[in-house]
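Written below as structure tokens is the structure these notes are about.
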Amino acid sequence: MSLIRKIKDYYKRSKTTLFTTPSHSQGEFIPPLAKKFLGEKFYKCDFSEIEGFDDLREPKTILKELQNKISKIYEAKSSFMLTNGSTSGILAAMLSTLKENDNVLIARNCHVSVYNGLVLTGAKPIWFMPEYDRYWGIYKGIEANTVEKLLNEHQNIKALIITSPTYEGVFSDIKKISNICKQKEVLLIVDEAHGAILNFSKNKEKSALQQNADLVIHSLHKTAGAPNSCALLHVSKSSKISTNEVQNALNIINTTSPSYPLMVAIETTVLYLNSKRGRQKVQKLYKEVENFLKSLPEDIEYYTGNNDKTKILLKSTNINACAFADILNQKYKIEEEYSTPQAMLFITGIGTNNQKLNKLSCAIKKIAADKKLLKAKSKESQLLQLPTVKYTPRQAYFMESNLIDKQNSLNKVSGECITQYPPGIPLILPGEIITQDTINKIKKDKIKII
Ligand SMILES: Cc1ncc(COP(=O)(O)O)c(C=O)c1O
């Protein structure tokens, strides 16, 4: 039975009076503004572990059935619903596989949650920097031979963590990387937060789950149309990681009161994506983005690397991308995901329609045609250097620290993680030496040092 069905049935049949959380009593009390804005249904489907329902911490009935259904759809050994985003999935993936002092190979362009996972687990990071595309100002995908070389250089690596596709949609060679990891008995964790619809597309780019990564994390809110915080964590069929270990780790990270409205959103999103209509919708999105790209004027370039086509990365050959984005914001009321001097990133997903894409296309054409605009060429982007590490993130996190002026922090050890959002990749972590380059990139005036 579906979760929605179960909730509807509850209202039809149950005569029980609940003295349980949540305290709005299934919408008996709703702040008037919320009632007007969100509606009653959001509250009506919000429960806790009442008789006949289930417990996400140890699912046995309706939630277990639902997670099993999701894992069948994704062709995984097991899948877990997350109501606190991929962030919680990444933390749980690390907690279920890494112990204190385990060596873990990590691509430095990982999301900030991976760094927080290092504080929680005490695992020792071995960083590597993916190649950088200076022209577009983005990290390239990770090649299998890079991984092979690193695994030959470093012994006793427990796991490898990479992001694929990246924020900008760039894929790594997961198939070959997972083969190498299997040969070397290294666990492969893929942050596929941006790739939740890959399993439902006919395109050649496949999900890491179909390419034998061990643990794969999906944000359903990023491309798949679910509300914020809806996400999934999957254990692949070929993985030796046990479902139990992952459940135990999730029970450390997760709230004990998972949101039923969000679980309903997860259920309906996955079932929709898996339906004929859903699969057609995914293909339609790719087609519409392709048509959008074809509609762009000559002096607008788009990224054509090995990337997920839901991400649109553009630059003008004449106008600096940040200046271009400012005009889009101010004159045309169009907001991009983020822009750098090299490129503007526009994120599309299930909710993106042709109308939106046409509006963007028209605005871009008008800006590109305006000869009065400053012809400021894009600067080449400067790549972050691999940091010098004095302490592991966990050691540093628990040390005494104090705030000092940024200008006096050169060569001191950072006591905090400073992240640019988007894309959520840290500039510096606790335990790393602060360089002039970091000082130049940090926007705030004070830095915590150890
Ligand atoms: C690559 C990547 N991984 C993980 C996350 C975290 O996802 P969530 O917001 O679902 O917690 C993000 C969010 O921006 C991300 O870009």
Pop a pseudo-label 7 angstrom from the Cα along the beta-carbon direction at both Leu386 and Lys149 and give the gap in nm to one decimal.
-> 1.0
GNM, the chain, Cα, under 10 Å: largest mean-square fluctuation among Gln211, Gln342, Gln155?
-> Gln155
Could you list the square roots of 5 times each eigenvalue of the Cα gyration tensor of the chain, that is, the equivalent ellipsoid semi-axes, sorted largest first and rounded to whole Å?
-> 36, 30, 23
Is it possible to state the helix-based mean residue ellipticity at 222 nm for the chain, with each DSSP H run of 4+ residues giving -39500 (n - 2.57), the sum divided by total residues, to the nearest 500 deg cm²/dmol? What is it?
-> -10500 deg cm²/dmol
Of Ser23, Ser229, Ser316, the one that fluctuates the most in a GNM where the chain has Cα springs shorter than 10 Å = Ser23
Pull up the cross-link candidates among the aspartates and glutamates for Lys240, meaning alpha carbon to alpha carbon under 19 Å and not fewer than 8 places away within one chain.
-> Glu75, Asp102, Glu185, Asp191, Asp214
Taking the dipole about the Cα centre of the chain, with the C-beta of Lys and Arg at +1 and of Asp and Glu at -1, give me whichever of Ile217, Cys45, Val147 is farthest to the positive side.
-> Cys45
Set the Förster distance to 60 Å, then compute FRET efficiency between Ile252 and Lys365 from the Cβ-Cβ distance, nearest 0.05.
-> 0.70
Close lysine pairs (region 63-146; alpha-carbon distance under 16 Å; 8 or more apart or on separate chains) counted at 4
Label points 7 Å out from Cα along the Cβ direction at Asn244 and Lys36: separation in nm?
-> 5.4
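Full extension from Gln280 to Asn358: what is 0.36 nm times the residue separation minus their Cα-Cα distance, to one decimal in nm?
So the extension gain works out to 26.0 nm.
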Residue with peak Gaussian network fluctuation, the chain [Cα springs, cutoff 10 Å], from Pro22, Pro32, Pro297 = Pro32
Quick one: dipole size for the chain, taken about the Cα centre, charges +1 on Lys/Arg Cβ and -1 on Asp/Glu Cβ, in debye to the nearest 20.
-> 1360
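Just to confirm the filter: which trypsin sites (Lys or Arg not before Pro) across region 91-194 are DSSP coil and have at most 10 other Cβ within 10 angstrom of their Cβ?
In loop regions of region 91-194 (DSSP not H, G, I, E or B), the sparsely surrounded trypsin sites (Lys or Arg not before Pro) are Lys99.
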Give the residue from Cys362, Tyr397, Ser409 lying farthest towards the positive end of the charge dipole for the chain; charges sit on Cβ (+1 for Lys and Arg, -1 for Asp and Glu) and the dipole is referred to the Cα centre.
-> Cys362
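Would you please name the trypsin sites (Lys or Arg not before Pro) within region 257-343 that are DSSP coil residues with at most 12 other C-beta atoms within 10 Å of their C-beta?
Lys333
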What is the spin-label model distance, in nm, from Leu403 to Ile433 if the labels are put 7 Å beyond Cα along the C-beta direction?
-> 2.7
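What fraction of the DSSP beta bridges in the chain is antiparallel, stated in percent and rounded to the nearest 5? The partial results should precede the final answer.
Details: 33 of 50 bridges.
So the antiparallel bridges amount to about 65 percent of the total.
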Would you mind classifying region 218-276 by shape? Square roots of the alpha carbon gyration tensor eigenvalues, ordered a ≥ b ≥ c; an a/c under 1.5 is rounded, otherwise it is prolate if a/b is larger than b/c and oblate if not.
-> oblate
Would you please name the chymotrypsin sites (Phe, Trp or Tyr not before Pro) within region 129-161 that are DSSP coil residues with at most 16 other C-beta atoms within 10 Å of their C-beta?
-> Tyr135
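Computed from the coordinates by the stated procedures, all read-outs in this text should not be read as laboratory data. No experiment lies behind these values; they were computed from the predicted model shown. No Cβ is skipped: glycine too gets one built from the backbone with ideal geometry, and neighbour counts run over all protein chains shown.
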